[in-house]
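*Asks:* Please find one structure pasted underneath; my questions will follow.
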Amino acid sequence: MPPKHKADEHASRINYLFQAAQQVVQSAPMLSQHYGEIITLISEKTVAKLDYTMKRSMCKKCKAILVPGVNMSYRLRKRKHRKCNPTMVITCKCCNEVKSLPTQPGRKLKAELTTATIS
């Protein structure tokens with residue numbers, strides 16, 4: 001059954017490319033990076049917003065799909081002040097880009113609250 005709207009078609013293409021990039025990230029990292037570039041190109045041209053899970057698992061600099069242990073490392077960085085929460089520091093091993101994400105104990109993202117799976 002074909003998608004009824006162009007937005008559905010673009011979303012399904014982005015979803016397919018993201019799944020394909022995750023599958024080939026270990027065997028062909030350059031192909032995975034190319035898929036990431038296509039995903040950002042489609043989302044920019046169609047003004048479609050990417051899902052939280054897609055945004056957090058892509059490098060902003062080289063557009064590589066980040067997989068822990070394969071092409072990224074992450075750690076918790078403690079703050080000097082006692083009241084500040086630690087931040088998660090994600091480092092892309094392809095381009096050495098560093099991304100810092102704030103953490104709050106007990107808080108979950110929208111994507112973690114709903115059990116939305118990419119099908």
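Only the coordinates and a few stated rules stand behind these numbers; no lab work does. Being a predicted model, the structure only gives us computed values, none of them experimental. Quick reminder, even Gly has a Cβ in these numbers, built from the backbone with ideal geometry, and neighbours come from all protein chains shown.
*Asks:* Would you kindly derive the ³J(HN,Hα) couplings of the stretch 57-63 from the backbone phi angles with the Karplus curve 6.51 cos²θ - 1.76 cosθ + 1.60 (θ = phi - 60°), listing them in order in whole Hz, with x for Gly and Pro?
*Replies:* 9, 10, 7, 6, 7, 9, 6
*Asks:* Now a separate question. Residue-wise, which Karplus ³J(HN,Hα) couplings in Hz belong to the stretch 26-39, taking 6.51 cos²θ - 1.76 cosθ + 1.60, θ = phi - 60°, and x for glycine or proline?
*Replies:* 7, 7, 9, x, 5, 5, 5, 5, 5, 4, x, 5, 5, 4
*Asks:* Given (i) 14.9, 46; (ii) 39.8, 123; (iii) 16.1, 56, which label gives Rg and Dmax of the Cα atoms in Å as computed from the coordinates?
*Replies:* From the options (i) 14.9, 46; (ii) 39.8, 123; (iii) 16.1, 56, the structure gives (iii).
*Asks:* If you restrict to DSSP beta bridges whose two residues both lie in the stretch 51-95, what percentage is antiparallel, to the nearest 5?
*Replies:* 90
*Asks:* Considering only VAL70, MET88, LEU31, whose Cα is most displaced toward the positive end of the charge dipole of the stretch 6-113, charges sitting on Cβ of Lys, Arg (+1) and Asp, Glu (-1)?
*Replies:* MET88
*Asks:* Further question on the same structure: So for GLU37, GLU44, fewest C-beta neighbours within 10 Å to most, what's the order?
*Replies:* In order of increasing Cβ crowding within 10 Å: GLU44, GLU37.
*Asks:* Right, another one. So between LEU41 and LYS61, what do we pick up on full extension, going 0.36 nm a residue minus the alpha carbon distance?
*Replies:* Taking 0.36 nm per residue and subtracting the Cα distance, the gain is 5.8 nm.
*Asks:* Here's something else I'd like to know. Can you give the charge dipole size of the chain about its Cα centre, rounded to the nearest 20 debye, using +1 on the beta carbon of Lys and Arg and -1 on the beta carbon of Asp and Glu?
*Replies:* So the magnitude is around 940 debye.
*Asks:* With Cβ to Cβ distances under 11 Å as the rule, what net charge do the other residues near CYS94 carry (K, R +1; D, E -1)?
*Replies:* That works out to +2.
*Asks:* Between beta-carbons, use under 10 Å as the cut-off and find the net charge around LYS61, counting Lys and Arg +1, Asp and Glu -1.
*Replies:* +2
*Asks:* Here's another thing I want to ask about it. Rank-order 24-33, 68-77 by packing density, defined as the average count of other C-beta atoms within 10 Å over each peptide's residues, highest first.
*Replies:* Highest-to-lowest ranking by the protection proxy: 24-33, 68-77.
*Asks:* List, in the order given, every pair from LYS63/LYS83; LYS49/LYS83; LYS49/LYS99 whose Cα-Cα distance in the structure shown is over 27 Å.
*Replies:* Correct reply: LYS63/LYS83; LYS49/LYS83.
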